[in-house]
Each structure stands twice: as structure tokens, then as C-alpha cells.
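First comes the structure, then the notes that go with it.
Values quoted throughout were computed directly from the atomic coordinates according to the rules given, and no laboratory measurement underlies them. Here the structure is a predicted model, which means the values were calculated and not measured. Counting neighbours? That spans all protein chains shown, and the Cβs are built from the backbone with ideal geometry, glycine included.
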Amino acid sequence: MDAEIIRDLLQCKLNDEAKPIQLNEEDLAEGIIECELSAYAKVLSLKEEFISIQGVFLALSKACNCKDIRDWVRGENPLLHPFNQCIFWLQVRGLKEEFFTWNVANKLVVAFQGCEEVELRRTKCGLKFFRIKAVLNVGTPLRRLVNFQVRDEVGCGYLAYERLPNLCFKCGLLGHLIRQCPDLGVGADPRKEVVYGLCIKAPM
């Protein structure tokens with residue numbers, strides 16, 4: 001699934017999105033050692049699903065968290081401020097196993113301006129991904145891809161954003177849906193103008 005997402009993104013000629021982050025062999029050394037000592041296995045299990053009321057309240061409190069809003073500045077007219085920056089948690093998924101090292105994570109901190117935090121996580125099925133907290137410019141299209149280059153080898157990962165609000169799947173801007181996009185021609189079918197896929201939204 002991840003490989004198909006990355007293949008489709010690379011076919012879109014992403015310009016600035018596809019500029020690779022330069023790595024060296026030392027950045028991958030830890031990941032290569034771990035991969036050489038690893039084996040793949042698939043485990044099936046049955047687990048009873050349940051709903052935690054405390055978990056629901058915790059999720060709601062996080063969703064309504066206002067700590068990321070801009071502080072008040074005396075004498076400034078808030079209506080004249082563009083408010084074009086917002087803090088997001090985003091995930092880097094689909095990388096090869098050897099790319100999941102802390103040296104690579106440090107390169108991500110540099111690549112994403114305003115990056116405040118980087119975590120190395122696993123999905124329920126054991127796949128690794130980086131989780132990044134960064135300040136993004138919401139006045140520009142969301143980035144979809146991140147590339148790493150080690151000599152002649154390229155590692156590609158795709159970006160998935162957590163708790164993503166309304167997103168236009170044509171222009172990649174937040175705040176409106178594709179049927180409301182000003183770039184959509186008169187009489188055009190929105191279904192034929194889709195550029196961004198559902199993979200841009202991180203699974204909860």
C-alpha cells in the first residue's frame with residue numbers, strides 16, 4: 001500500500017516537494033544493523049473491541065486544545081494579521097526500514113522549518129514511521145513527499161497529516177473543499193480534478 005502511494009506521488013512531478021534530503025552512510029548505519037538482525041513475521045490475533053469513555057473525553061480535550069493560537073500583542077489589530085501559520089502533527093510513512101534512525105530524524109528537523117519535535121513510532125502491525133510536530137505555512141499547498149538521497153540510492157516517504165481540517169484535493173490548500181476551489185473551471189467535474197489522495201490524512 002505505501003509503495004503504491006509513493007509511486008503515484010512520484011509520477012506527479014512534485015518540483016520542490018521532491019528535492020532530496022542528503023544523507024550519508026553513517027545516518028543509516030543504525031537502521032541497517034537493526035534490519036540485518038531482524039526477521040519478518042505475520043501474527044493474527046482476535047481482540048475484543050471496546051469504547052473507553054475516558055478515552056473519548058481525552059480525545060475531545062486534545063481536539064479543542066487552544067495552546068497553539070497566537071499570543072495577543074498590544075497595539076496590534078488582529079484583523080490585519082494573516083494567521084498563515086499553524087502547528088501540525090504529521091507522519092513520514094513508507095520509508096525503507098534502514099532509514100528509521102535518529103540521525104535521519106535529526107535531518108528531518110532541519111528540513112522542516114519550525115520543527116519542534118520528532119518521534120519514532122510503530123503502527124499496530126509493526127510498521128515504523130516518523131511523527132513530526134512542526135509549524136507549517138497554511139497559505140501554501142501541503143507538502144506530500146519527502147526524499148532522502150544516499151549516494152545513488154533514493155529513499156522516498158509520503159506525508160500524512162493528523163486531524164486535518166477541510167482540504168482541497170485539487171490545489172492542496174486548507175480552508176475549502178475541491179468543489180469550492182477557485183482553480184476549478186466552470187462546469188468541471190471535481191472527481192476528475194483530484195491531485196491529493198486520501199493518504200494525506202493520517203489514520204487515527
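Percent of Cα-Cα pairs more than 20 Å apart in segment 132-204, please.
Values: 1030 of 2628 pairs.
Percent of Cα pairs beyond 20 Å in segment 132-204: 39.
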Practice problem: Could you sort 86-93, 30-37, 106-113 so that the peptide with the highest average Cβ count within 10 Å comes first and the rest follow in order? | Solution: 86-93, 106-113, 30-37
Quiz item: Between N106 and M204, 0.36 nm times their residue separation minus their Cα-Cα distance comes to what?
Solution: 32.8 nm
Quiz item: Hey, with R₀ at 22 Å, roughly what FRET efficiency would V195 and E30 work out to, going by the Cβ-Cβ distance, to 0.05?
Solution: 0.05
Quiz prompt | Of K96/K192; K19/K133; K124/K170, those spanning more than 29 Å from alpha-carbon to alpha-carbon | solution = K96/K192; K124/K170
Quiz prompt | Estimated inter-spin distance, T140 and I21, nm [label 7 Å along Cα→Cβ] | solution = 1.6
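Set the Förster radius R0 to 30 Å, insert the Cβ-Cβ distance between N166 and A3 as r into 1/(1 + (r/R0)^6), and round the FRET efficiency to 0.05. Write down the numbers at each step before the final one.
Details: r = 29 Å, r/R0 = 0.96.
The computed FRET efficiency comes out at 0.55.
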Self-check item: Qualifying trypsin sites (Lys or Arg not before Pro) for segment 142-193 [loop in DSSP, other Cβ within 10 Å: at most 16]
Solution: R151, R163
